[in-house]
Amino acid sequence: MKAMLLRRVLQLITVVWGVGTLTFILMRSLPGDMAYRIAASRYGQDNVNSEAAALVRAELQLDQSPWVAYWHWLTDLLQFKLGDSLVSGLPVMDSVQHMLGHSLLLALSGLLLSVLIAVPLGLLSAWRGNPLDSVFMGLSSVIRAMPVFVVGVLLLLLFALNWRLFPVAGFGTPAHLVLPAFTLAISLAAVSNRVVRDSAKQTFQAAFYRFSRVKGLSEWQTFRQHGVRNIAVPVVAFFGIQLVSMIEGIVMIESLFSWPGIGHGLAHAIFARDIPVIQGSALVMGILFVLLNTLVDMICLWIDPRGVKA
Amino acid sequence: MMSMKKSQWVGLAILFALLVFSLGGMAFSPYSISQQDLNAVMEPPSATHWLGTDHFGRSMFTRMAHAVGLSFALSLLCMFTSSLVGTAFGVWSVWGGKKVDVAMGIVVNILLALPGLVVVLLFAAIAPGSFLVLYLAISLVQWVEYYRVVRAVTQGVIQSPARQSSQMMGFGRWYQFKRHIWPAISPSVFTLAAFGGANAILTMASLGFVYVGIQPPLAELGLMTVELFPFYSEAPWLLAQPLLVIALMVFAFHLLAGKRA
Amino acid sequence: MSVLLKLTNVAVYVDDTCLLEPISLALKQGEPLTILGQTGSGKSLLAQAIMGLLPDGLTVSGEIETFGKVMTLEERQALWGREMVMLPQEPWHSLDPLMKGVDQVKEVYRFVRGNSPEKALAMAEEDLAQVGLAGNGHKRPDELSGGMAQRLAITAATAGGAHVILADEPTKGLDVSRRDGIVRLLQTRAKMGCLLTITHDVEVARQLGGLLLVMKEGRLVEKGEAASILDFPQDAYTQELIAAEPSAWSDITAPIRQANAKDLIVANELVLERGGRVLFDRLSFTIKQGEVVGIVGDSGCGKSSLGDALLGLLSISSGSIVRSDSTAKPFQWLKLYQDPPSAFSSSVSLGQLLDDLVALHRIDESRIPPLMAKLKLPAGILERNCLSVSGGELQRFAILRALLLDPVFLFADEPTSRLDPITAKEVTQLLVELATEANCAVLLVSHDPDLIQRTCHQVIAL
């Protein structure tokens, strides 16, 4: 447990360092006229002059030596001084906080929905076997072959543009959440339902599962006493692995549905080369990723204490 | 050496067909990817334009062929680089002693601290539209998977009586790798490579889709999806092409993988 | 005495192939019945058929009468736990890996017997105390030793109050001392009803007494009172089975070839610690050239670690190991492994592995055929890989490979514990005979004191 937490803290530090360094390199590698372009996007095309560009250059510390600038960059980062957006001029901290709320809403509802889809379907597959199993597995391999934005585009075409059941993009009402959350849920569930199915199948065939029936417990009692927890072990561990897909999915889905979250922010910032926002949103994503992984690790240890000693 | 299941052959056949389409399209098409014909925009498939034309009147057949070629090039490059690097480091980590293993562990932990797509996005931000950077970034993310699996399997093999006994009988390291380690890791490396190929395609398309990957006027599947999206109702056959091909390529790689990673 | 279980012409088939030939037997209250036979003799299928637990694809014919009534599969399944129970072969696999031991007994009192949670817990704890597991109830199966896990499994299985108890290899993998305890536990559990035990261990059959059935390859070869069969076996197979028990072996210790054999290994005050536990403390001994040295002791006492330490595969905590023979090359110090298939690469044929060795050490190939003949190895096995030959053949092939390198020292780590008794006897004899002939010292590890007694010049007890 301690070792695990220590490892995660180290990982958190590397996230901050890694994101900081990458964005620093990004900033130093900006072509010469970039300061002009940034100034242009901030002050408008007509108001750009060398003064404004110099101001931007000073703000980005492009006039300092690389190592001094790197040191300043990292120390600022450690104090969570994320600076202001080069495009809007607003503090990055505020906009990131705002985006984080939206992303969490999408992530949690998507994850919850995917569990609600994958667990019953996976159990049903394992319990009923063929032909139901083959149908579910075939369906999930087709969905798995589609990138998450293809799933999103299809849902968008069908439910928003064709049948006009839900809004195309944006946020504000619960109806806006439906399509993004379902896109995420479907692409996650298409993978995790197999894990649930395999785990359940393995448990149902396990010697201890049969032994419980031989001891005299009924099928339902055996499932409750020995099934649930043993099936859950690999499934929960898999959710940890799936966090990567979830965060990647969020980047794509938010961009597709213009959902004002971190992923959308990051993609836009990269397009606009808004370095402080790139740094802020990548940082928050990394931290979120490590924290969620820690949470999954802790749940795993709780349901399967065998790992404690190892 | 490796016997393949029927579904794996199907996957290989689909990939081969797509490759032929791509190479043939690039070699024999009379049009270039950026050649516009504003008199013939969004035409349905015809004898002159086998797959129709897009909103600038560019030949979809030519563009699709190039896009598929680009996807193949990237996925194969990433596959070779990351499997080679990952396998080599994985074996070295077990065989090279504790210090190597600890050092590799730190490197891997750093790479795993960020979701792969975010790393690739950050690299893409440094050099937008660069195929080389995309390739390096994706390989950087992907080799870790091979490393972890190869290291775990190799650890088992190193401890195994079979390898220990070969060592005691005087066989060298190359022999031990050839007879014990490679047979144990090759199925996993093969499966990972197939999934890695699919993931490289997905990642490039995703970047293209959020407009930070390969830049216009080049043809790239994700980019084409966004470009053609506004015309979904006038010319649905155009939007369908990149979507279908991405799914087909990924599906074929998944079939080729044979089992789940 | 009432008949609780009666089988009439019960046979098991897969498609049209008969795995278990028709067998009839009656299980009476208070009279234990034991089925003796080697692995693959179809005895486990019989127990599974009685319970209604046969794997898919196997069919059963004949009549199974339980408590005087022929029942359907569903009716028999309804008796599980309450009237009829099967004890598991591998306790570690049969216990829920995530559940505390006491809860696995408690749930039977709670759900099968219908007690309140508090009462069920109290009863479970009382049961565990009776089998010497008091204070161990909070542990999970992976924290228990093999013997403890087997006692827990037996307690959990019999908590439902079943009268008919089927025990399938209940002592598999247990040390001799633990084995006898389990047999006694089974006997007390079966006092009220009846016990059907399936085993490959002649000694277990002897201790259980009652009726005995001897089976070979799915066929019944002999049937009768245990005591009379074991003392006066009629069938040739039964005789061979009994003779294969190490306690029945004649002394096969060969004389050391050179009377004035030199010292090969001198170990002085060896101390070995693993995982914070001292395995042995200040152990001193000498092994001479061509000598057969045995190590005995219960599992986990460090037998294998000692051998590995002598080969330099494990580092010792203190003390010294001196290899006196300085002319021997590193590849002449070799090891035979407990689990033969795990000691070979399955990626190529055995012949290829042999060719690799011949090429590496420039071995004279004409030595191979006579040695193979001595080891009774058919030439055909060279075409196959290690997974498609039997364990006995593979272990003899391992001996062949080792002998080709002219070893001076061979560490044989329980080389026959995974083999059937008849094969085990053959392999052990060949190993000792050929090693002595080659003037190679052997360090033989076994958990069976009888086996060591009959084969070794010197015994180290841990």
Which condition from (1) outside any helix (DSSP H, G or I); (2) within 30 Å of C:Asp406 (Cα to Cα) is the one that B:Ser166 breaks?
(1)
Being closer than 16 Å to C:Gln89 by Cα and not assigned by TED's automatic domain parsing to the domain that holds C:Gly297 is true for just one of C:Leu174, C:Leu211. Which residue is that?
C:Leu174
Residue that is small (Gly, Ala, Ser), within 29 Å of C:Thr39 (Cα to Cα), assigned to a helix (DSSP H, G or I) and within 14 Å of chain B (Cβ to nearest Cβ), where the choices are C:Ala398, C:Ala359
C:Ala398
Pairs, first farther than 16 Å from C:Ala153 by Cα in the range C:71-87, second in a loop (DSSP other than H, G, I, E, B) and of a type in the set (A, V, I, L, M), C-beta under 6 Å, six or more apart:
C:Glu83/C:Ala162
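Name the residues in the range B:106-121 that are without any contact (Cβ under 8 Å) to a residue 12 or more places away in the chain and of a type outside the set (Val, Ile, Thr), would you? Quick ask: steps written out before the conclusion?
Pass one, the range B:106-121, residues without any contact (Cβ under 8 Å) to a residue 12 or more places away in the chain: B:106-107, B:109-110, B:113-115, B:118.
Within the range B:106-121, B:Asn109, B:Ala113, B:Leu114, B:Pro115 qualify.
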For the range B:208-248, how many residues are away from chain A (no Cβ under 12 Å), assigned to a loop (DSSP other than H, G, I, E, B) and under 19 Å from B:Ser32 (Cα atoms)?
6
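Is it true that B:Ala205 is away from chain C (no Cβ under 14 Å), in a helix (DSSP H, G or I) and either among the small types (Gly, Ala, Ser) or touching a strand residue (DSSP E or B) at 6+ places or on another chain (Cβ under 8 Å) (or both)?
Working: away from chain C (no Cβ under 14 Å): yes; in a helix (DSSP H, G or I): yes; either among the small types (Gly, Ala, Ser) or touching a strand residue (DSSP E or B) at 6+ places or on another chain (Cβ under 8 Å) (or both): yes.
Spelling it out, B:Ala205 is indeed away from chain C (no Cβ under 14 Å), in a helix (DSSP H, G or I) and either among the small types (Gly, Ala, Ser) or touching a strand residue (DSSP E or B) at 6+ places or on another chain (Cβ under 8 Å) (or both).
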Residues of the range C:160-178 that turn out to be buried (at least 21 other Cβ atoms within 10 Å of the Cβ) and either at pLDDT 85 or above or not in a loop (DSSP other than H, G, I, E, B) (or both), as a count
5
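Would you pick out the residues in the range C:138-169 that are acidic (Asp, Glu) and touching a residue at least 40 places away in the same chain (Cβ under 8 Å)?
Looking only at the range C:138-169, we keep the residues that are acidic (Asp, Glu), and these are C:142-143, C:168-169.
Within the range C:138-169, C:Asp142, C:Asp168, C:Glu169 qualify.
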Looking at (1) at pLDDT below 85; (2) farther than 23 Å from B:Gln164 by Cα; (3) loosely packed, with under 15 Cβ neighbours inside 10 Å, which one does C:Ser315 not meet, given that it meets all the others?
(2)
I'd like to verify a number: residues in the range B:240-261 that are hydrophobic (A, V, I, L, M, F, W, C) and surrounded by fewer than 21 Cβ atoms within 10 Å (Cβ to Cβ), how many?
6
Going by what's in this entry, would B:Ser186 be described as within 14 Å of chain C (Cβ to nearest Cβ) and hydroxyl-bearing (Ser, Thr, Tyr)?
yes
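Each row is one residue, and each column tells you yes or no for (1) within 14 Å of chain B (Cβ to nearest Cβ); (2) over 17 Å from the mean Cα position of the chain (by Cα); (3) surrounded by 17 or more Cβ atoms within 10 Å (Cβ to Cβ); (4) at pLDDT below 90.
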site	(1), (2), (3), (4)
A:Leu108	no, no, no, no
A:Leu111	no, no, yes, no
A:Pro147	yes, no, yes, yes
A:Val153	yes, yes, yes, yes
A:Ala160	yes, yes, yes, yes
A:Ala200	no, yes, yes, no
Picked from the range A:223-234 (must be more than 9 Å from chain C (Cβ to nearest Cβ) and surrounded by 19 or more Cβ atoms within 10 Å (Cβ to Cβ)), the residue nearest to the chain's Cα centre (by Cα) is A:Ala232
Condition met for A:Val87 (assigned by the TED database to the domain that holds A:Thr173 and closer than 30 Å to A:Gly172 by Cα):
no
I need the full set of residues from the range A:142-172 which are in contact with a helix residue (DSSP H, G or I) (Cβ under 8 Å, 6 or more places away or on another chain), assigned to a helix (DSSP H, G or I) and farther than 15 Å from B:Ile246 by Cβ, in order please.
A:Leu155, A:Leu156, A:Phe159, A:Ala160
Given the residues A:Ser125, A:Ser192, which is the only one that is part of a helix (DSSP H, G or I), over 30 Å from A:Met27 (Cα atoms) and within 13 Å of chain B (Cβ to nearest Cβ)?
A:Ser192
Conditions first: (1) crowded, with 22+ Cβ neighbours inside 10 Å; (2) away from chain C (no Cβ under 14 Å); (3) more than 26 Å from B:His66 (Cα to Cα). B:Ile138 passes all but one, so which condition is the exception?
(3)
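Hey, can you tell me all the residues within the range C:373-408 that are in contact with a Lys or Arg (Cβ under 8 Å, 6 or more places away or on another chain) and under 23 Å from C:Arg362 (Cα atoms)? Working first, answer last.
Start the filter on the range C:373-408 by keeping residues that are in contact with a Lys or Arg (Cβ under 8 Å, 6 or more places away or on another chain), which leaves C:375-377, C:391, C:396, C:404.
C:Leu375, C:Leu377, C:Arg396, C:Leu404, listed by residue number.
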Entirely in the range C:1-113, the strands (runs of 3 or more DSSP E) that have 2 or more residues that are more than 14 Å from every other protein chain (Cβ to nearest Cβ):
C:3-14, C:17-28, C:33-36, C:58-66
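Considering only the range C:150-157, I want to know if a residue exists there that is on the phi < 0 side of the Ramachandran plot, of a type outside the set (S, T, N, Q), touching a Ser or Thr at 6+ places or on another chain (Cβ under 6 Å) and within 14 Å of chain A (Cβ to nearest Cβ).
Kept after step one, since they are on the phi < 0 side of the Ramachandran plot, are these residues of the range C:150-157: C:150-157.
Next, only the ones that are of a type outside the set (S, T, N, Q) stay: C:151-154, C:156-157.
Of the ones still in play, those that are also touching a Ser or Thr at 6+ places or on another chain (Cβ under 6 Å) are C:153.
With the extra rule that they be within 14 Å of chain A (Cβ to nearest Cβ), the set shrinks to C:153.
Checking the range C:150-157: at least one residue is on the phi < 0 side of the Ramachandran plot, of a type outside the set (S, T, N, Q), touching a Ser or Thr at 6+ places or on another chain (Cβ under 6 Å) and within 14 Å of chain A (Cβ to nearest Cβ).
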Within the range B:1-33, residues aromatic (Phe, Trp, Tyr) and not in a helix (DSSP H, G or I) come out as B:Tyr31
Subset of the range A:249-273 (residues that are surrounded by fewer than 24 Cβ atoms within 10 Å (Cβ to Cβ) and of a type outside the set (A, V, I, L, M)):
A:Ser258, A:Pro260, A:His268, A:Phe271, A:Arg273
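Only one residue in B:Ala103, B:Ala88, B:Ala40 is surrounded by 15 or more Cβ atoms within 10 Å (Cβ to Cβ), on the phi < 0 side of the Ramachandran plot and either part of a helix (DSSP H, G or I) or in contact (Cβ under 8 Å) with a residue 12 or more places away in the chain (or both). Which one? Spell out how you get there, then give the answer.
Working: B:Ala103 fails: surrounded by 15 or more Cβ atoms within 10 Å (Cβ to Cβ); B:Ala88 fails: surrounded by 15 or more Cβ atoms within 10 Å (Cβ to Cβ).
From the options B:Ala103, B:Ala88, B:Ala40, the qualifying one is B:Ala40.
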Of C:Gly391, C:Gly351, the only residue that is buried (at least 17 other Cβ atoms within 10 Å of the Cβ), of a type outside the set (A, V, I, L, M) and away from chain B (no Cβ under 12 Å) is C:Gly391
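The values are calculated or read from the model by the stated rules, or taken from the named source; none is laboratory data. Because the structure is a prediction, the values reported are computed rather than measured. No Cβ is skipped: glycine too gets one built from the backbone with ideal geometry, and neighbour counts run over all protein chains shown.
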